Amino acid sequence: STMRERKTTDPLHSTDALHSSTGLSQGKEKLRLKQEVGLISGVSLIAGTMIGSGIFMSPEWVLHHMGNPASSLLLWAACGLLAMFGALSYAELGTIIKESGGEYIYILRIFGSFPAFLFAYTSVILVRPAGLAAVCLSFAEYAIAPFYPGCSSPQVAIKCTAAACILILTVINCLNVRLATSVMNIFTAAKLLALFVIVVGGLVLLAKGQTQSFQNGFQGTTAGIGTVGVAFYQGLWSYDGWNNLNYVTEELKKPEVTLPRALMIAIPLVTCLYLLVNVSYLAAMTPSELLSSGAVAVTWGDKVLGSWAWLISLSVALSTFGSSNGTFFSGGRVCYIAAREGHMPDILSMAHVRCLTPSPALLFTSAMSLIMIISGNFTSIVNFFSFMAWFFYGMTISGLLYLKIKKPELPRSYKVPIIIPIIVLMAAVYLVLAPIIDQPQIEILYIVLFIFSGIIFYFPLVHFKYHPRFLQTVTLHLQLLLEVAPTTRDAN
């Protein structure tokens, strides 16, 4: 059939059943992805995805909403702490449910099929492709800017470059997992070097006494609950990616060790860098100059590096390319895992017989991203990305709290103190509700309607298992064309 039958065993009803869903007997294994992601690659996947265009673009918006430098720095620190708390909570989930798929697989195992399908439907069709398209467009703008000095780049050139970026990423990720992780490692090193240059430049400026931006630092702090929530959205956009390693748990070497360690290295590293980079921006510019800057990092480069300012534009291009590679790597896995569980067409759950990569899922993610780039009508969707993300983060964290309270006997190699997921859940509720209560916007209603439009597909295709016969023929031809085979694993 074109949509796999769902597993009937509930892996959370017993310890043995849980392991039977995540473990795999030798005789029933048909094809599986290789465990190629070690500690260094894991750190690179997290840090490389988190450090995208956000730290080069978002500081002015955080400052705009918070009202002054000191409170904006506090918000950046709070965003890092929240990302760390969320990641530690996910680390425990990843050691209980040792399957790839991130929020999707956790929601499926804890809450059941219907909410998991809604997440997969929203993520695969909208959220992941839109996020990838946005990052690739950011890459394109910086990559071609030197070819159009003194004027804005034409939209056709930007979109073509972004599309070329997605196609290159598709080839890299379809060919080899090790190649994709090598690209992540190289570009993560390059962007860390760029941020290190900005940090050192800021420290030199501070040593010279350029501290005027920090005098009366808390004057004019914003107090509105909705405004602070929107500021959190801007800051957290720069931290997005803290959960990416949970999407590839099955491809980790020793996941019970690698997952928590990679999180504990990557997120504090990124948080410290973000704080130091913001201090550097404020040392080079007054708050009013920072607010009027279209691209903060470029303005910083013009002021501090002079004729070497082009290095910053190059660094941002490299950073966004590396981030888009991480987004693509993990986003394709959501599609693959959802198909394997029967929530997407069967062809998307298959892997290439020689490369051992989920190439159909990657090709589908690529196609959806290209459609969004061509149409160009996804800006408002990306603006509300954080609303959707934190809605599902909150659902996932509530699932962890359920397991900690109701099923403490489940084996886990890492345990997070219960107060940490409680704090994350409270933050998720705040981030979802605060902007709605303070400044309700019609776009949020559209997003909610889109999420629940998945009901139209769920009941006939998944619940009642209605599968048109012609789709079986299409699946067979695609399987032969793409040289892919099923990666089915039986629950029993």
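The values are calculated or read from the model by the stated rules, or taken from the named source; none is laboratory data. Quick caveat: nothing in here was measured; it's all calculated off a predicted structure. Ideal geometry is used to build each Cβ from the backbone, glycine not excepted, and the neighbour counts take in all protein chains shown. Surface areas here come from the heavy atoms of the whole protein model, side chains and all, with no ligands, DNA or RNA. Shrake-Rupley method; radii C 1.70, N 1.55, O 1.52, S 1.80 Å.
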query = Using only helices, what value at 222 nm comes out for the chain when you add -39,500 (n - 2.57) per DSSP H run of length 4 or more and divide by the total residues, to the nearest 500 deg cm²/dmol?
reply = -22000 deg cm²/dmol
remark   = Cα-Cα longer than 30 Å, checked against Lys254/Lys407; Lys191/Lys253; Lys191/Lys254; Lys98/Lys406; Lys159/Lys465, kept in input order, equals Lys159/Lys465
task = Can you tell me the order of 249-256, 154-161 when each peptide is scored by its average per-residue count of other Cβ atoms within 10 angstrom, highest first?
result = 249-256, 154-161
inquiry  = Taking all protein chains in place and a 1.4 Å probe, what share, in percent, of the accessible surface of the stretch 39-466 do carbon and sulfur account for?
reply    = 71
inquiry  = Taking 8 Å as the Cα distance limit and 6 or more residues as the minimum spacing, I'd like the relative contact order of the stretch 100-187 as a percentage.
reply    = 18
key: Between the stretch 35-72 and the stretch 447-482, the Cα center-to-center distance that results, in Å   = 36
inquiry  = Once you order the gyration tensor axes a ≥ b ≥ c over the Cα atoms, which shape class does the stretch 143-182 get: rounded for a/c under 1.5, otherwise prolate or oblate by comparing a/b with b/c?
reply    = prolate
inquiry  = How high is the relative contact order of the stretch 118-271? Use alpha-carbon pairs under 8 Å, at least six apart in sequence, and give a whole percent.
reply    = 11
ask   = What whole-number value in Å² describes the accessible area per residue of the chain for a 1.4 Å probe?
value = 40
key: Highest to lowest packing among 234-243, 312-321, 427-436, scored as the average C-beta count within 10 Å   = 234-243, 312-321, 427-436
message = Order 357-363, 448-454, 62-68 from most to least packed using the mean count of other Cβ atoms within 10 Å.
response = 357-363, 62-68, 448-454
key: Global form of the stretch 169-283, assessed from the alpha-carbon gyration tensor, a/c cut-off 1.5   = prolate
Identified option (computed log10 I(q)/I(0) by the Debye sum over Cα atoms at q = 0.08, 0.11 Å⁻¹; candidates (i) -0.59, -0.93; (ii) -0.89, -1.10; (iii) -0.47, -0.91) = (iii)
query = With contacts defined as alpha carbon pairs under 8 Å and 6 or more residues apart, what's the relative contact order of the chain in percent?
reply = 35
